[in-house]
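**Q** Next up is a structure, given as structure tokens.
The values are calculated or read from the model by the stated rules, or taken from the named source; none is laboratory data. For clarity, every value in this text was computed on a predicted model and none was experimentally measured. Here the Cβ is made from the backbone with ideal geometry for all residues, glycine too, and neighbour counts use every protein chain on show. Heads up: the accessible areas ignore ligands, DNA and RNA and are worked out on the full protein's heavy atoms, side chains in. Shrake-Rupley method; radii C 1.70, N 1.55, O 1.52, S 1.80 Å.
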Amino acid sequence: MNYLKEIWASRELLANLTLRDIRGQYKRTIIGRLWSLVNPLAAMLIYTLVFSFIIRVQPDPGDPSGLDIFAVWLLCGLLPWNFFAMTVQTSMGSIIANTGLVQKVYFNRLVLPLASVGAIGFNWLFEMGVLLVTLVLCGAFVWPWIPLVALTMVILAAFATGIGLMLSIANVHFRDTQYLIGIVMQIWMYLTPVIYPINLMQAQSDRIGTIPGTGFTLIDLYRLNPMERFVEIFRNLLYDNRWPDGGTMLYVTVAALLSLVLGLWVFRSNERKLAEAL
Amino acid sequence: MTIEYLPLDASADTGVAVRVDHVNKRFRLYHERNQSLKSAIMRRRKSVYEDRWALRDVSFDVPRGSTFGLIGSNGSGKSTLLKCLTKIYWPESGTITATGRVAGLLEVGSGFHPELSGLENIYLNGSILGMSRKELDEKRDDIIEFAGVGAYIDQPVKNYSSGMYVRLGFAIAINVNPDILVVDEVLAVGDAEFQEKCRQKFADLKQQGRTVILVSHSMDLVTQMCDHAAWLQNGEVRAVGEAGPVIDGYLGFVGGGSR
Ligand SMILES: Nc1ncnc2c1ncn2[C@@H]1O[C@H](COP(=O)(O)OP(=O)(O)OP(=O)(O)O)[C@@H](O)[C@H]1O
Ligand SMILES: [Mg+2]
């Protein structure tokens with residue numbers, strides 16, 4: 001409880017550091033904040049070319065929205081994924097990136113990873129805004145789902161923050177962490193139905209049947225991944241325009257809480273030693 | 001192992017601003033210093049570190065309202081002690097009790113963002129030092145005035161000279177209005193005019209009953225400004241008390257050692 005109070009007391013600092021990150025990010029570039037859109041757009045073009053045009057992956061049309069555009073379908077999963085991956089990577093490096101501060105001034109160290117979550121979340125909001133406009137132009141009826149989208153964004157942010165907190169500590173002690181996580185994130189992305197629809201995985205799983213000796217099917221294991229659930233929820237809301245499954249919502253909420261509590265605990269029990277470990 | 005900041009309550013003031021009580025601080029020096037998983041696993045088998053006690057059983061009181069000098073040779077533990085005072089390091093054992101608001105000036109400009117303007121950095125750095133937005137709104141003019149960087153206040157701080165950096169950082173830290181100000185040899189970079197300004201500021205703080213703890217290698221400065229001092233040698237307190245005798249003791253030691 002006391003710890004929460006301390007965090008609350010640092011909210012102004014958190015806001016300022018977040019602003020610092022946001023303002024400093026695209027200084028001295030010509031197109032400025034638009035750069036934050038270029039990345040997902042480039043990824044969208046590449047994946048659409050490779051997966052839709054060449055490999056001919058075909059996700060189901062949105063039900064009931066009736067949308068059937070691969071690029072839009074892709075973005076509904078890719079933007080949340082990118083946010084997650086970027087948040088984990090950046091908050092992981094946030095302590096090391098601010099070595100000068102940590103060694104010279106006392107303040108609640110937690111604000112460093114949180115500020116990177118904030119700065120990336122800010123870009124994500126911007127991207128999601130553009131996506132919403134695109135969806136509306138394509139004829140999706142997204143308005144009623146916006147509150148739920150916002151809620152899921154918060155839950156995903158909590159999930160990513162927890163993981164980022166744990167890794168930020170690990171990274172101070174072992175710089176291997178950042179390289180390892182770079183690879184883990186790539187694998188994780190392909191284990192999540194971001195650029196291909198889950199029904200391809202479902203088909204494989206049905207073909208194999210239960211894995212001998214376990215009673216599980218492949219898809220059961222596949223769906224343990226909380227990011228799979230998040231992507232499903234975002235697609236349900238944005239692309240299909242329908243209610244996500246209640247169990248799935250519960251699953252991601254529990255995963256996010258666990259991640260956040262564990263992350264805070266790990267961070268808290270190590271923050272005093274940070275200055276000298278750096 | 002505690003560092004405690006108590007609120008300053010004038011009626012119950014004991015006359016001690018900071019009490020350092022049997023503080024020990026250890027650094028672990030690993031022999032292969034690359035921080036990797038491989039070395040961690042190797043380390044498990046055979047521990048290849050050496051403990052270095054940067055502070056050994058350090059105890060002293062800093063009287064409220066004094067200007068307290070901390071002197072000693074390079075590597076004697078002065079900066080480490082200041083970092084313990086400001087909660088950057090946590091000692092292995094012992095307690096530090098500070099009564100009142102503590103602000104440290106261990107390295108100015110460490111919270112500055114090079115691409116942001118001086119003014120934006122005042123707000124950023126101020127909030128890192130624990131000032132609220134309202135406080136900063138009130139004090140920004142004082143800060144700008146004290147820093148004396150003039151029109152450069154709207155320029156990115158990467159265009160500042162190192163003296164201007166120090167001036168701005170010092171101006172912000174001073175305006176935190178700490179009951180206890182902790183300063184680690186940062187003034188040397190400022191020009192004569194700025195050093196005079198600082199001296200004046202320290203005198204003002206003293207008049208207001210505030211405490212300043214400063215580390216310096218300039219015995220002239222310490223003699224001139226400090227009324228109390230402590231001399232650290234190899235992490236141990238060699239002398240503490242009135243500034244004069246402590247400085248003489250240290251100078252005598254240095255003179256004798258170099259012969
Ligand atoms: N982060 C650290 N890791 C390992 N050893 C450290 C660390 N910081 C300081 N030390 C060691 O602790 C001892 C005291 O260092 P400290 O910086 O406190 O000295 P100092 O009195 O401030 O010296 P100077 O006058 O040169 O500034 C030194 O031997 C130094 O090598
Ligand atoms: Mg020093």
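**Q** For region A:1-22, what are the residues that are within 13 Å of residue A:112 (Cα to Cα) and more than 13 Å from chain B (Cβ to nearest Cβ)?
**A** A:7
**Q** Within the group B:93, B:76, which residue is more than 16 Å from ligand 1 (Cβ to nearest atom), touching a residue at least 24 places away in the same chain (Cβ under 8 Å) and not charged (D, E, K, R)?
**A** Exactly one residue qualifies, and that residue is B:93.
**Q** Those residues that are crowded, with 19+ Cβ neighbours inside 10 Å and assigned to a strand (DSSP E or B), I need them from region B:85-100; list them, please.
**A** Once the filter is applied, which keeps residues that are crowded, with 19+ Cβ neighbours inside 10 Å and assigned to a strand (DSSP E or B), region B:85-100 yields B:94, B:96, B:98, B:99.
**Q** Here is a follow-up. If you check B:246, B:237, which single one turns out to be in contact with a Phe, Trp or Tyr (Cβ under 8 Å, 6 or more places away or on another chain), at pLDDT 90 or above and in a helix (DSSP H, G or I)?
**A** B:246
**Q** Is at least one residue of region B:214-235 within 15 Å of ligand 1 (Cβ to nearest atom), open to solvent by 60 Å² or more (accessible area, probe 1.4 Å) and either without any contact (Cβ under 8 Å) to a residue 24 or more places away in the chain or among the acidic types (Asp, Glu) (or both)?
**A** No, region B:214-235 contains no residue that is within 15 Å of ligand 1 (Cβ to nearest atom), open to solvent by 60 Å² or more (accessible area, probe 1.4 Å) and either without any contact (Cβ under 8 Å) to a residue 24 or more places away in the chain or among the acidic types (Asp, Glu) (or both).
**Q** On the basis of being open to solvent by 10 Å² or more (accessible area, probe 1.4 Å), at positive phi and either in contact with a helix residue (DSSP H, G or I) (Cβ under 7 Å, 6 or more places away or on another chain) or more than 16 Å from ligand 1 (Cβ to nearest atom) (or both), does residue B:130 make the cut?
**A** Considered against the rule, which asks whether it is open to solvent by 10 Å² or more (accessible area, probe 1.4 Å), at positive phi and either in contact with a helix residue (DSSP H, G or I) (Cβ under 7 Å, 6 or more places away or on another chain) or more than 16 Å from ligand 1 (Cβ to nearest atom) (or both), residue B:130 comes out as yes.
**Q** Still on this structure, I have one more. If you go through region B:54-84, how many residues are closer than 22 Å to residue A:103 by Cβ, open to solvent by less than 10 Å² (accessible area, probe 1.4 Å) and either more than 16 Å from ligand 2 (Cβ to nearest atom) or in a helix (DSSP H, G or I) (or both)?
**A** Counting residues in region B:54-84 that are closer than 22 Å to residue A:103 by Cβ, open to solvent by less than 10 Å² (accessible area, probe 1.4 Å) and either more than 16 Å from ligand 2 (Cβ to nearest atom) or in a helix (DSSP H, G or I) (or both) gives 3.
**Q** Shifting gears a bit: For region B:167-196, give me the residue count where each residue is open to solvent by less than 70 Å² (accessible area, probe 1.4 Å) and within 16 Å of ligand 2 (Cβ to nearest atom).
**A** The total comes to 5.
**Q** Would you check if residue A:92 is on the phi < 0 side of the Ramachandran plot, surrounded by 19 or more Cβ atoms within 10 Å (Cβ to Cβ) and within 12 Å of the chain's Cα centre (by Cα)?
**A** no
**Q** Restricting attention to region B:101-123, which residues are surrounded by fewer than 19 Cβ atoms within 10 Å (Cβ to Cβ) and more than 9 Å from chain A (Cβ to nearest Cβ)?
**A** Listed by number, the residues that qualify are B:101, B:117, B:119.
**Q** Please specify each residue of region A:23-41 satisfying the condition of being in a loop (DSSP other than H, G, I, E, B) and within 14 Å of another protein chain (Cβ to nearest Cβ).
**A** Scanning region A:23-41 gives A:26, A:27, A:28, A:29.
**Q** Going by the conditions given, is residue A:194 open to solvent by less than 60 Å² (accessible area, probe 1.4 Å), closer than 30 Å to residue A:266 by Cβ and within 14 Å of another protein chain (Cβ to nearest Cβ)?
**A** no
**Q** Mind checking which pairs have a first residue in region A:32-61 that is of a type in the set (Phe, Trp, Tyr) and a second that is in a helix (DSSP H, G or I), Cβ under 7 Å, 6 or more apart or different chains?
**A** From region A:32-61, the pairs are A:47/A:74.
**Q** For region B:63-73, what are the residues that are within 15 Å of ligand 1 (Cβ to nearest atom), farther than 18 Å from residue B:255 by Cα and not hydrophobic (A, V, I, L, M, F, W, C)?
**A** Selection gives B:69 alone.
**Q** Looking at A:276, A:271, which one is touching a residue at least 40 places away in the same chain (Cβ under 8 Å), assigned to a helix (DSSP H, G or I), charged (D, E, K, R) and in contact with a Lys or Arg (Cβ under 9 Å, 6 or more places away or on another chain)?
**A** A:271
**Q** From the list A:59, A:64, A:40, which one is on the phi < 0 side of the Ramachandran plot and either open to solvent by 30 Å² or more (accessible area, probe 1.4 Å) or of a type in the set (Val, Ile, Thr) (or both)?
**A** A:64
**Q** Quick one: residue A:213 ticks every box in (1) part of a loop (DSSP other than H, G, I, E, B); (2) crowded, with 19+ Cβ neighbours inside 10 Å except a single one, so which number is it?
**A** So residue A:213 meets the others, but not (2).
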